[in-house]
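Read the structure below first, then the notes.
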Amino acid sequence: MMATVKYVPEEESTGKVKEIYEDIKKTYGMPFVPNAYKAMAVFPEFLEHYWQKIKAIRAGKELSMREKEIIALAVSATNGCEYCINAHTAVLKQMGVTDQGIVELMAVVDHYNGLNAFLEGLQIESDIKP
């Protein structure tokens, strides 16, 4: 796969983009800025907005980072985003989730995607309310 836009390389970043790049590396504990952010940096205001959103999500206290990453991988698998599947799988493995755990997660994704399609296809009315 080849990107449809030119990334903003770290060595060419300046100003706010450079600051955000440094914060990304520090926050994730990575020696490099992931390509997703380098693509967003073409539109610096969007990169800034998106990074603030990520930081707000990470700061939330109700769910653990592990739970958030599990959700992120499940959504990424459902959406078919190879980039995100690879990224979130790597993070979960770094958090100690085993291959069996990843397969169990995908089994849950498989089950509920199928069940959702079944229920929506038949227009089954919900009788269980929160």
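Where a number appears in this text, it was derived from the coordinates with a stated rule and is not lab data. Every value quoted in this text rests on a predicted model; they were computed, and no experiment measured them. Here Cβ is always computed from backbone atoms with ideal geometry, including for glycine, and neighbour counts include all displayed protein chains.
What is the Cα centroid distance between the range 83-117 and the range 1-57, reported in whole angstrom?
25
Compute a Gaussian network model of the chain, connecting alpha carbons closer than 10 Å, and tell me which residue from 70, 85, 54 fluctuates the most.
54
Hey, quick one: spin label on residue 75, modelled 7 Å out along Cα-Cβ, who in the range 1-44 has an amide N within reach, i.e. under 18 Å?
36-37, 40
Go through the range 61-71 residue by residue and turn each phi into a ³J(HN,Hα) via Karplus (6.51, -1.76, 1.60, θ = phi - 60°); whole Hz please, and just put x for glycine and proline.
The phi angles translate into 9, 5, 10, 6, 4, 4, 4, 5, 5, 4, 4 Hz.
Please compute the modelled spin-label separation between residue 46 and residue 108, points set 7 Å along Cα→Cβ, answer in nm with one decimal.
With each label placed 7 Å out from Cα toward Cβ, I get 3.2 nm.
Just order 1-8, 14-21 by mean Cβ neighbour count inside 10 Å, highest at the front, would you?
14-21, 1-8
Normalise the Debye intensity by I(0) for the range 63-124, one equal point scatterer per Cα, no solvent, then take log10 at q = 0.23, 0.27, 0.28 Å⁻¹ and round to two decimals.
After summing over all Cα pairs, the log10 values are -0.91, -1.13, -1.18.
What Kirkwood radius, in Å to one decimal, follows from the Cα pairs of the range 13-59?
Answer for the range 13-59: a Kirkwood hydrodynamic radius of 10.6 Å.
Of all the C-alpha pairs in the chain, what % are more than 24 Å from each other?
Of the Cα pairs, 44 percent sit more than 24 Å apart.
Among 117-127, 95-105, how do they line up by average Cβ neighbours within 10 Å per residue, starting with the highest?
95-105, 117-127
I want to verify a result. In a Gaussian network model of the chain, Cα cutoff 10 Å, which of these has the top mean-square fluctuation: 11, 48, 22?
In this elastic network of the chain, the residue with the biggest mean-square fluctuation among 11, 48, 22 is 11.
If you build a Gaussian network model of the chain, linking Cα atoms that sit under 10 Å apart, which residue out of 106, 65, 30 swings the most?
30
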